[in-house]
Amino acid sequence: MRPARLAGLLAAVFPLALLAAGEVEPVYDIRLDNGPLLGCLEQLALLANVPIVDRSDRVASAECARGRLRATLSQALDHLLSPAGLAWHRRSDGAIEIVTAAPGESVNLAALTIEDTPLPSLAPVTAATPPISTMVHEAMSVTRVEQERLVASPLLSLSQIGRYAPNVYASGASLAIRGQERDLDQFSGLSVRLDGIDLGTSLIEGDMVPVEGLNGMQLQRGPRSFERGGNATAGALDLYTAAPSESPSLRVSAGIGNDGALRGSTAWSTRFDGSESGLRVALERRVMPDYVHEVYVPEANRDERVVDNLYTKLNLVPDWLPGFSMEFALLAVSGDDPALYTAAGEFPFPLSKDRNSYARDTARTQTQALGSALNLQYGNDTWNLRLTANSTLARQEGLWLGSGFGPSGDLNNERRRAVGLSGRYTGDHWEMASGIEFSAVSFADLESVWVAGFRRIGDNRQDMDFRTRSGWVWVGRHWGEDFSVGAGLRQVEEKAQQNYVSVACNVEAELLPRPGVCADRESLLQFRQYGRVDTSTPVPLVVANWSVTDTQRLSLSHGRGIRSSAGVRPEFIQPAERDDSTQLAWQSEWLAQRLKARVALFRTLIRERFHYVTNNIGARGRVYGAELELDARLSERWQATLGLGALNARYDYYRYYNEDPTPRLPGAPKYTALLGLRYGAAQGWYGTLDAYHTAAAETTLDINPGNRRPAYSLADLRIGYRLDDADFSLAVTNATDALYLDRVDFRYNDRRQETRYRLGDPRRVELRWQYEWR
């Protein structure tokens, strides 16, 4: 899609959104079973993450009829309660209270809108529960993509995630938010989690994460280090799967795509004894084409790659221990890594449509990973304690191909783990919280290479280890519903170290070298380096909210982001990087809640940033930006979203092979634009259009005009037909078959220290079928 066409489409939709009519609450796809009304209300409470309290003493004896609703929470409550002579209202703490309806009483749904955010009451804990408080979580911008949108979206892979919010760019290791790239393994500036599982780098870079069962996601823009305790300078991306179903269900899905692509998945879910406790288990296999063709290393070519996933989520809310809840998630992954693309010359531009790669040697690897996350909570509406923990181990193993002496071994281990304990108190006017957290991230990059003919091997190992401990405190004050302020401080202490060792040994000619081959042989030390640096960084957060009217709110926030740093070699190891960000946001609802809007203005000062040329954190800069988001329901069946982002992001000083000491930040396009159109109802035909456009952007390592990533436009489509238990659809991604550079990949153990790239997938078409037995 050309930029001019996209601009025309945006111009046509913008005035329509201003005239939109409908609800601004999220619309849920709700399936009800015959049985007690209490069970249906528990399902609603879990789905919307809002507590529901019965003050009528009549819910236990009322019944719920089987059916399928596509409705807001307000509409669903009215549908369930009105036949039983019941009504509801929202308490001051955000909970829903059910009461006996007065004679002639009717429920005004428009006046009782419930926000689609986790409320500060003690609902059962999930990964979506804010780590500290709702005020902290809402301090910076958050874009939520709910079940209503995801169930009909043309989302085929995690690489499309960046197309759902303004000022979000690229994917994988190059995923950037507000001009700040996630960057390389040890420079992780963006937290990405699936139900609390830290996905690290290997899984998101290799597109290993399943998206079939996603029930919601949040793109959080702005520093999250006070909330996350570490590498969340740019923000955070949280993915959530569906809660266990009210009754046993088995869902089967299959897809067939172009270029030999196949997808198959199955998911089983149930609750235990009618309670909120339950289990969900899902399996998925994807067969995807490998689009890159190696010219000089043909033995590295393959027609397809296969990725397998196993996912389990257990929720426990025992009746015998009121106030206690638990969620445990487990993800297992095994699959082939995607190929890298190496340009024929120094720069990859213009991009080659035949996708030929001219690497002299290249890696062909597979990844196995196991990740888990645990959330425990105990307390009541006034106070609670929470324990969180997560662990991820990813192992990438394979061969370097293309060497004149033959193939050699490559092994990379990535391990992430964290544990935190926190407590909260919520009163009529005050909220207080404090906690401690310990985390560690480590990388072990190993390779075994021929150094002299077929007789001598170089066995190399580079270890990077980051250990962090932090403590935090938060205090907030509320003046009714109109005004609130809060302030918090987290002190983060980090120990970063690197160790590099290279040895050589003699071997037999027919050996296929693997990392560690010299351990049992007489070897000679060739090279050793070690470096360590300790950092102690305060991370403040200040928030002020003013509800001007019931539909207009202003928010002012200031926070700090930090991320681990390192050097190309251990002797260049550096302390953690720091960024300070201030944001003014305005949220509003217009035309009797027919249009939801959010405007944000922000400024980020880059205090310390690693400089690839001088190998220190001497680079400094600043980012100014603005964002506009509109969400409107044009009619009962039509919905639209619009996002516009603008950035002015430059280094104050960063000289790199050119005369300009103030180049633009990498991964910071001047503007991004996105448009979403959705049509459909609970059953029948539905359709979705997601369009995205970005301006040109600099690359990570080569900041000069000759290596600038070009602008591009993308359009994803899906059309389908939905029955009560089945869904048939056709999804098309990159419908215009645009050629674009999606990611820049640079590995420290890259044989030639080359910058390699990942081209965006060409047009993908998938015909999908889904059926669910209940």
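Shown here for segment 462-561: GluC sites (Glu not before Pro) in loop regions (DSSP other than H, G, I, E, B) with at most 15 other Cβ atoms within 10 Å, namely Glu481, Glu508, Glu510, Glu522. Shape class for segment 154-285: oblate, because the ratio a/c of the largest to smallest gyration tensor axis (alpha-carbon atoms, square roots of eigenvalues) is 1.5 or more and b/c is at least a/b. Within the chain, the whole DSSP H helices whose Cα atoms reach 18 Å or more along their own axis and whose mean Kyte-Doolittle score is at least 0.0 are 3-18.
Here the extension length gained between Leu283 and Tyr624 equals 118.4 nm, from 0.36 nm per residue of separation less the Cα-Cα distance.
Note on Asp724 and Phe349: the extension gain reaches 130.1 nm, defined as 0.36 nm multiplied by sequence separation minus the Cα-Cα distance. In the assembled protein chains, Leu399 presents an accessible area of approximately 40 Å² (probe radius 1.4 Å). Rounded to 0.05, the FRET efficiency of the Arg521 and Val306 pair, given R0 = 30 Å and the Cβ-Cβ distance, is 0.25. Restricting segment 430-517 to trypsin sites (Lys or Arg not before Pro) that sit in a DSSP loop and have at most 15 other Cβ atoms within 10 Å of their own Cβ leaves Arg455. So I have (1) 66, 38, 33; (2) 48, 34, 31; (3) 44, 29, 27, and one of them is semi-axes √(5λ) of the Cα gyration tensor in Å calculated from this model. Which one is it? Recomputing semi-axes √(5λ) of the Cα gyration tensor in Å here picks out (3).
In this structure, Tyr671 and Ala738 have a Cβ-Cβ separation that, at R0 = 22 Å, corresponds to a calculated FRET efficiency of about 0.80.
Taking all protein chains together, Trp769, Trp474 sort by accessible area into Trp769, Trp474, largest first [probe 1.4 Å]. Residues Trp586, Trp638 ordered from highest to lowest accessible area at a 1.4 Å probe: Trp638, Trp586. Using C-alpha pairs below 8 Å separated by at least 6 residues, the relative contact order for the chain is 12 percent. Between Tyr771 and Leu387, the contour length at 0.36 nm per residue exceeds the alpha carbon distance by 134.5 nm.
Packing-based ranking of 525-537, 224-236, 362-374 yields 224-236, 362-374, 525-537, ordered from highest to lowest mean Cβ neighbour count within 10 Å. Taking the Cα centre of segment 358-427 as origin and assigning +1 to Lys and Arg Cβ atoms and -1 to Asp and Glu Cβ atoms, the resulting dipole is close to 140 debye.
Calculated [222 nm] ellipticity per residue, helices only, for the chain: -2000 deg cm²/dmol; basis is -39500 (n - 2.57) per DSSP H run with n ≥ 4, divided by all residues, nearest 500.
Bridging of Lys313 to aspartates and glutamates at a Cα separation below 12 Å is possible for Asp195, Glu327, once same-chain residues fewer than 8 apart are set aside.
Ligands, DNA and RNA aside, His293 has an accessible area near 90 Å² when probed at 1.4 Å. Annotation for Ala544 and Tyr530: the two label points, set 7 Å from Cα along the Cα-Cβ direction, are 5.1 nm apart. A 1.4 Å probe, protein heavy atoms only, puts the accessible area of Cys518 near 10 Å². Radius of gyration (Cα atoms) of segment 498-540, expressed as a multiple of 2.2 N^0.38 Å: 1.93. In this rough spin-label picture, where each label sits 7 Å from Cα along the Cβ direction, the Thr266-Leu489 distance is 5.7 nm. Legend: residues Val297, Val252, sorted from most to least accessible area (1.4 Å probe; ligands, DNA and RNA excluded), read Val252, Val297.
With contacts taken as Cα pairs under 8 Å and at least 6 residues apart, segment 366-415 reaches a relative contact order of 34 percent.
The values are calculated or read from the model by the stated rules, or taken from the named source; none is laboratory data. Keep in mind that what you see is a predicted model, and the values were worked out from it rather than measured. Using ideal geometry, Cβ is built from the backbone for each residue, glycine included, and neighbour counts are taken over all protein chains shown. Surface accessibility is based on the protein's heavy atoms, side chains included, excluding ligands, DNA and RNA. Shrake-Rupley method; radii C 1.70, N 1.55, O 1.52, S 1.80 Å.
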